[in-house]
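Contents: one structure, followed by commentary.
The values are calculated or read from the model by the stated rules, or taken from the named source; none is laboratory data. Everything numeric in this text was worked out from a predicted model, so none of it was measured. Don't worry about glycine lacking a Cβ; one is built from the backbone with ideal geometry, like all the others, and counts go over all protein chains shown. Remember, those area values only see protein heavy atoms, side chains included, never the ligands or the DNA or RNA. Shrake-Rupley method; radii C 1.70, N 1.55, O 1.52, S 1.80 Å.
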Amino acid sequence: MRHSDEAAPITELLDERRALLALVRGMLGSGSELDSVVDETYRRWYELSGPVRARIETPGSRLTNVAGGICLARLALPVRGGVRAGGDIVGQAEAGPGGPADHARRSLRRRCLDPTTPQDQDAVVRAVRQACAAGDAAGLASLLACDVTAFFDGGGKIRALVEPVHGGEEVARTLLTLLSGHAPTTLHAQSVNGRTGLVVRYGHQVAAVIGLDVTVRHVVQVWVTLNPDKLRSWNPPGPTPSPRSR
């Protein structure tokens, strides 16, 4: 049972976004509107309150209905100069005081007080990877500080957790839910922003990058990047075949 309305395997989240893009392509054809319709679909999802989202048993169906409605509305718009009028502009507000920036500053202070060698960072991250790969919730929680906090950046472009997750057991459960599933999902320990982190691949596509702040052999902060825009530098240009189509 999921402990959050939006905690879901990354394979489910990626397949969901691909399905929305395919739906929009089928209704509107190829063009610049594909991403904007999907972005607008997720914007409307996040406009719902947390309790409302939690009551939606099949988020994928809800998103499909919303995307289809946006497409129908756009098809009804007059075409001017080859471009439909009334395009949506999607934006996402930056986090205010008390958000990820403040946590990042506190994490930096902790790392300065309790410096971690690259070797210690590498050892802890590789132990985290092994626990995640084995689905070992207790082992993973033992590697996390009791006051660890995890942040999830979906950029409003994928159905990801909005609020940070706090506490070793909760963060462990959330990460294992995100990484649950089978091949072709893989998890690798490699350099992330100059320190050892984790890279999640779905087939040949980098689906998430996980940065971990480590002090005294425990993870104190987890930063999960799921935003497709921020992952472009991790993925080669050109179309990437769907793992399920091979």
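For the range 122-167, which whole-number percentage of the solvent-accessible area (1.4 Å probe, protein heavy atoms only) is attributable to carbon and sulfur atoms? Don't skip to the end; give the middle numbers.
On the way: 980 of 1840 Å².
Here carbon and sulfur together make up 53 percent of the probe-accessible area.
Rank-order 117-129, 210-222, 47-59 by packing density, defined as the average count of other C-beta atoms within 10 Å over each peptide's residues, highest first. Walk me through the numbers before you get to the answer.
Working: 117-129: 16.6, 210-222: 21.3, 47-59: 11.6.
Per-residue Cβ counts within 10 Å, averaged per peptide and sorted highest first, yield 210-222, 117-129, 47-59.
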